[in-house]
Every structure is written in C-alpha cells, then in structure tokens.
C-alpha cells in the first residue's frame, strides 16, 4: 500500500483482554486513536501514553455523532501529517459499525485503510451472558442511522431464529412492538445485555412483551428468540 494510510481496528466486545494481538500492537504504536465513545476507553487505553484521542460518536448529552465524511476528513488529515492513526471501532469494524462506509470515504480522499478484524459483540454478548444462539442467527443494528437503509423489522420476526440487536437501546420499545405486530409471540424469550465481557456486565432476562420496559445503561445489546432446544434460555 502506497501513500497515507490508517488502521481500521476492531475493539472487540469491550474487554481489553479480548482484543487481537495485532490490535494491541497497533494501539501501542498509535499517535492518534479515533473512537466513537468513552465506553471503549478501556481498549483505547492500550495506546501509548501521550497519544491523541478523539471522540466522534454521539455524546452522553445527546449531541449528534460525526458524519462519515467528517470522520474521514479527520482521519485523512492526521494520516497525511505522517501520524500513526488507529480508527477504533466497537466489536468488528464491518458488523453494524459503518466500517465499510468509512473505508470507502477514505479511498475517495486517497487514503488507504488496513483492516484488523475484531470479535463482534453480536456473538460475544449473548455467549458471555450464557444466552445460547440457535441454528439461525440474525444480526441487526437498531440505531436510526440516517446514512443507512431502515431495518425491515417485520421481515426479521422469525420464531425459529435468534435475533441479536446492537446499538438498539433507544429503539428497544419500538423494535419490540414491530416484532410483536409481525407475529412473534409475546412470551418469546428475550434478554438485555449491558457491558458484556466487562467487570460491570449485567443481564436481564425478560420476554418480547416486556422488552420495551427492560432498560439497562449503554453499551447494551438485546437478544430475542428461543434457545437451540426451543425452550426458555438457561441461566449461566
């Protein structure tokens, strides 16, 4: 790869012990770490002392996230200045994380992108919480992303599949209502997982009917669907 380039790195599900060796090595050498939100601070802390850290996600006060173009402009500017830049994305950069969009925007600016995959929270969160997935698993982003097509929740109401929803905390009630309207039974097992794999992890088990009222702080993912035997989910 010639010309300026950045490293697009998956942070995994949040526990810094679960990042890949390559991710840890790149962070240790980074001059700049661009991250969505402070919830990834334990992983971003693997960067060398003195590295610049820039937050580009939605703020706790409700401030809007940076656009893809604005993030790409920032990354390109730092890379052209000769700095070692890591764009740290939650989970895996290409699973509900807009990594592909940022990579394309960088290419338009003449900046290359080296990708380091990460463990996606879509599988890590349910497993860490003792929530086994069935033979079929659907992964969806619950965020109302203006840059992405809306999720057809009615098409995902499959009683034989497990549905894992990332970044959907704000839309939890609406998503549950749409799945119910599409025919999923109200007693379909569901669970909300907060901070999976981290010391403060928390799991609340409920049903699809109770999902909208089951609130945990971010970062949180939720799971809807039967276990592999078709019964209720077992406690870990």
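We did not get these values from a lab; they are worked out from the coordinates using the rules stated. No experiment lies behind these values; they were computed from the predicted model shown. Cβ coordinates were reconstructed from backbone atoms using ideal geometry, including for glycine residues, and neighbour counts include every protein chain displayed.
Of note:
- Cα gyration tensor shape of segment 1-136, rounded if a/c is under 1.5, else prolate or oblate by comparing a/b with b/c: prolate
- Normalised by the number of residues in segment 1-129, the average gap of Cα pairs under 8 Å and 6 or more apart makes the relative contact order 40 percent.
- Between helix 68-80 and the chain: long-axis angle, C-alpha atoms, 0 to 90°, nearest 10: 30 degrees
- Over the chain, relative contact order from alpha-carbon pairs under 8 Å, at least 6 apart, %: 20 percent
- Computed FRET value (nearest 0.05) for residue 54 with residue 137, which takes r as the C-beta separation and R₀ as 25 Å: 0.15
- C-alpha long axis of helix 99-108 to longest principal axis of the chain, angle in °: 30 degrees
- Whether segment 1-70 is rounded, prolate or oblate, judged on the alpha carbon gyration tensor where a/c under 1.5 counts as rounded: oblate
- When you count the other C-beta atoms within 10 angstrom of each residue and take the mean per peptide, 84-97, 180-193 line up highest first as 84-97, 180-193.
- Rounded Å value of the spacing that divides the Cα centres of segment 84-103 and segment 1-48: 10 Å
- The protection proxy used here, the mean number of other Cβ atoms lying within 10 Å of each residue, ranks peptides 10-16, 132-138 as follows, highest first: 10-16, 132-138.
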